[in-house]
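Please read the structure below before turning to the comments.
The values are calculated or read from the model by the stated rules, or taken from the named source; none is laboratory data. Fair warning: this is a prediction, and the values are worked out from it, not measured in the lab. Backbone-built Cβ (ideal geometry, glycine too); neighbour counts: all protein chains shown. Ligands, DNA and RNA are excluded from the accessible area calculation, which covers all protein heavy atoms including side chains. Shrake-Rupley method; radii C 1.70, N 1.55, O 1.52, S 1.80 Å.
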Amino acid sequence: MGERPRPPLPRPRGSAWRRGRVLAATAVLTGGLLLFHGAVPDSPVRLGSLLESFLPWLGLVTAVLLALALLRRSATAALAALLPLVAWTAHFGALLRPGADHERPRGLLVVQHNASDENPDPAGTARALAAAGPDLIALEELLPPALQAYEDALAPEFPYHAVRGTVGIWSRHPLTGTRQIDIRPEGVDGSWNRALRTVVRTPYGDLAAYVAHLPSVRLGATGLASARRDESAGLLGAALDAEDQDRVLLLGDLNGTVDDGGLAPLTSRLDGPDRGFAFSFPARLPLARIDQIMAASATVGPIRTLPATGSDHLPVAARITPA
């Protein structure tokens, strides 16, 4: 006996322009968030900062919406999905462009890493960072028990270093004028020292380098707690305003992405990497880059992550080219 013919699959109801209205509305909302994320209010639960911390991931939402529109054979939803696609490409597309293979490395290779105050192998972490061949290494969460291990491991290749509080910088080039920068939020005592400034005597001229670790941001039942981070960002921005060097480099765990409006005192003064996402936190499943490399009067080249260390952050590296 022959096989009985299978009944045809049910076709979506309605015309291609009537189907998928919910998908279309979701796509328009996603596009609106990408285009106008700065208008999303922070009060009372810091929703704007939360959205901006994970803004690149709206690209994944866009891809899912477009796939669903095609499955539903909805012309309306597919057309609407073009809005977030164009908005995402306009905002992040430049970070994906390839570099020129013929370009010879120039400038300073720098590494930024929150080494973690719970790192079980500080010496191994130091050796791993040095293996990348950087000119500068900036570290945060340096506690006295581990500091000697970093100093011993990095001393052969980085003869110049400075530490203030829990942040430090190691350099192949001389450092001068090192001082602590006070970025303490109101009510925090004087033992909280998490920023420094120094001048690096590079082959390209002097460069003012800042290393900073802004307060942590917590997500709880009442929303995103970022007031202290935002206050510290403002204080650091004021220090940058007072800087007398033209070339400025900021390395640090800023506990926020470059799209986060809370970091506007910094992102309005400094430029970030020209390419790359380099999600750095958390190390086991990186979702956002909160470790930043930014500069003024210099170009920050493509940013990339380095292999995991004993920290809950991934190291990030980029090449700084003087303007």
What is the extension gain from Asp206 to Leu71, computed as 0.36 nm multiplied by their sequence separation minus the C-alpha to C-alpha distance, in nm to one decimal?
42.8 nm
Residues with amide H under 5 Å of Tyr160's amide H, sequence separation 5 or more or different chain, H placed in the peptide plane at 1.01 Å from N; which?
Ser171
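Solvent-accessible area per residue for region 192-323 at a 1.4 Å probe radius, Å²? Walk me through the intermediate numbers first.
Numbers: 4960 Å² over 132 residues.
Heavy-atom accessible area per residue stands at 38 Å².
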Loop-located trypsin sites (Lys or Arg not before Pro) in region 54-163 whose Cβ has at most 12 other Cβ within 10 Å (DSSP)
Arg106
Kirkwood radius from Cα pairs of the chain plugged into Stokes-Einstein at 4 °C, 1.567 mPa s, gives D in µm²/s equal to 60
Under the 7 Å Cα-to-Cβ spin-label approximation, Val40 and Trp192 lie apart by a distance in nanometres of 2.7
Considering the dipole of the chain built from charges on the beta carbon (Lys and Arg +1, Asp and Glu -1) around the Cα centre, which of Ala81, Pro41, Ile181 is farthest to its positive end?
Ala81
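Once you have the Cα-Cα distance between Val86 and Ser268, take 0.36 nm times their residue separation minus that, and quote the gain in nm to one decimal. Working shown, then result.
Details: separation 182, 0.36 × 182 = 65.52 nm, distance 2.44 nm.
Length gained between Val86 and Ser268: 63.1 nm.
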If I compute solvent accessible area with a 1.4 Å probe over the protein chains, what percent of it on the chain is carbon and sulfur?
58
Measuring from its Cα centre, the chain shows a charge dipole (+1 at each Lys and Arg Cβ, -1 at each Asp and Glu Cβ) which, in debye to the nearest 20, is 2100
When ligands, DNA and RNA are left out and all protein chains stay put, how many square angstrom of accessible area per residue does region 22-176 have with a 1.4 Å probe?
50
Place +1 on the Cβ of every Lys and Arg and -1 on the Cβ of every Asp and Glu in the chain, take the dipole about the Cα centre, and give the residue among Val64, Leu235, Tyr210 whose Cα lies farthest towards its positive end.
Val64
Residues whose modelled amide H sits under 5 Å from the amide H of Ala288, counting only those 5 or more places away in sequence or on another chain, are Ser280, Phe281
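Could you sort 144-151, 310-317, 273-280, 208-215 so that the peptide with the highest average Cβ count within 10 Å comes first and the rest follow in order? Please report the intermediate quantities before stating the final value.
Working: 144-151: 15.2, 310-317: 22.8, 273-280: 20.2, 208-215: 25.0.
Sorting 144-151, 310-317, 273-280, 208-215 by mean packing, highest first, produces 208-215, 310-317, 273-280, 144-151.
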Starting from the Cα-Cα distance between Ala149 and Phe54, subtract it from 0.36 nm times their residue separation and give me the gain in nm to one decimal.
30.7 nm
